[in-house]
Structure formats: C-alpha cells, structure tokens
1. Could you give log10 I(q)/I(0) at q = 0.17, 0.21, 0.23, 0.25 Å⁻¹ for segment 85-181, computed by the Debye formula over C-alpha point scatterers of equal weight, without solvent?
2. How far apart, in nm, are two points set 7 Å out from the Cα along the Cα-to-Cβ line at residue 26 and at residue 113?
3. Any number yet on Rg/Rh for segment 3-115, C-alpha, Kirkwood?
4. State, to one decimal in nm, how far the label point of residue 179 lies from the label point of residue 19, with both points 7 Å from Cα in the Cβ direction.
5. Over segment 49-94, with a single point scatterer placed on each C-alpha, what log10 of the ratio I(q)/I(0) does the Debye formula yield at q = 0.17, 0.18, 0.26, 0.28 1/Å?
6. Give me 68, 235, 122 sorted ascending by neighbouring Cβ count inside 10 Å, so fewest comes first.
7. If you average the sequence gap of Cα pairs under 8 Å that are 6 or more apart and divide by the length of segment 25-96, what percent do you get for the contact order?
8. Among 50, 25, 119, which comes first, then next, by fewest other beta-carbon atoms within 10 Å?
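Values in this text are rule-based calculations from the coordinates and carry no lab data. Just so it is clear, the model here is predicted, and its values are computed rather than measured. Cβ placement follows ideal geometry from the backbone for every residue including glycine, while neighbour counts extend to all protein chains displayed.
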C-alpha cells in the first residue's frame, strides 16, 4: 500500500506507513512518491530506516522531484527549474542509498554536503528505491542508482496545478524503455519498471471509454489511450494496456500501481 506527499488537508506520507504495517503481516508499504524538495535526505534516511525496522523490513521508497508549484509557493520553497529539481533529487537518492546501507557518508555535491555521517541502517539488506522521473539525464541517473523506475511520460503542469499534458505515445514509451536499457547496461536485469495507472475502467466498450478519457486529457489521442499502460480499460482481469509495458520492457520486471491522484485526470476520477 502507498501514501503520497502533497501539502493539503490529508495525512502526511510517512506515519501512516507504520499503521498499515502494524495492521498487516506481508503487505509492503511505500510513499509514492515523496517530494524530495520537502525532505532533507539525512533526516529522511533516519525516518525511513526507522519505518523499515518497525514494519519488519517491508518498506519500499518512492521519491520524485516535485511538480506542484502552488505547494512550493504556499510553503515558501523556491520552485526551481525542472533540471535543477531533478539533479537535486539525484544527489538525494545517492545519499539515501548509502545511509540506509549503513555506510558512513562523505558527500560533496552541488546541492548537498555531508561530512562523515552515519545513521541507523535499514533492517532490510537493501531497501528498494523507486524514482519517479522523466527526461533523459534524470532517467540515465535513475537507471544507474534506482531499483524501480516510475515512468511518468508527462508534459508540463497545467494551470490548475493538478493536471498535466501527457506523452503516452506507444513509440515514445518504446524509445524510453530502450534508452533505459542502454543506460542501465549490465544492471538492466535488476531494474523494475513501474507505471502509475491513472484510471481503471471496467467495460466491454474499450474504445468508448478511451474516447471519453481522451476528451478530458490534453494531447491524448484515442488510439494511444487504447494501448497506453497508464490506463486500464477493459473487462479482463488483466488489462491489455498493462501488457504493453511488459512487452516493451523486454524481460525487465514490470509493475503497475493504481491511483486516484488527479495528476492527469480531473479530481472526480
């Protein structure tokens, strides 16, 4: 089960993970995803390691570079250009990985400086880290440092600060996966690819459902809606859309997470 990290009147992302873990025995828990700019990696590593111990080693970590400019403005945090936010998140991922692995960290980056610090090691030997990102440079970094890559395939944030343009063309997805394979090199076999499913529609009329959704998403063609793994449309237990990602990944493990977050569709979905 997962939580999310938006500054609103909902729960914070970390404390609920402990409650979920205490109420279950096998379920893995994950913040999906944390906004890196709202958490210093050292303090975050301490919290996450504690949750991993309290959950009996069932934590996974999701982290992203942030996108909601209204949230930044509301809390007085500078909303830097995407390239800066992504680069800062990349540094944070490296710091988190080392601290959770129990290493003493000396780090000299453009955004963080750590001088010989060691925090509590995670209970798991290796806590899986999911990085949700797009853009070639950020994807290259994720291919080398993350365990799971959350493919977003989104464009600019729209004026309501909730929805995004989408870039869900089948060829674009194939090209992105091919680029990740290239950048991961020998590490490709250990990577998992993840998509955040934006809508689940159980129907015998897939095209009609695709047409209705495409009418609400800027830039989405009906033919792309029918095959993108970001939508689950159909009557079968396993949507044909999700199968597309597995085919594109070429042997790389894949997963899909359903969400009611209005990052693409309106909040009524």
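1. Each listed q maps to, in turn, -0.85, -1.07, -1.17, -1.27.
2. 5.0 nm
3. Rg/Rh: 0.98.
4. The two pseudo-label positions are separated by 4.0 nm.
5. After summing over all Cα pairs, the log10 values are -0.65, -0.69, -0.90, -0.96.
6. If I rank by nearby Cβ atoms, fewest first, I get 235, 68, 122.
7. For segment 25-96, the relative contact order is 42 percent.
8. 25, 50, 119
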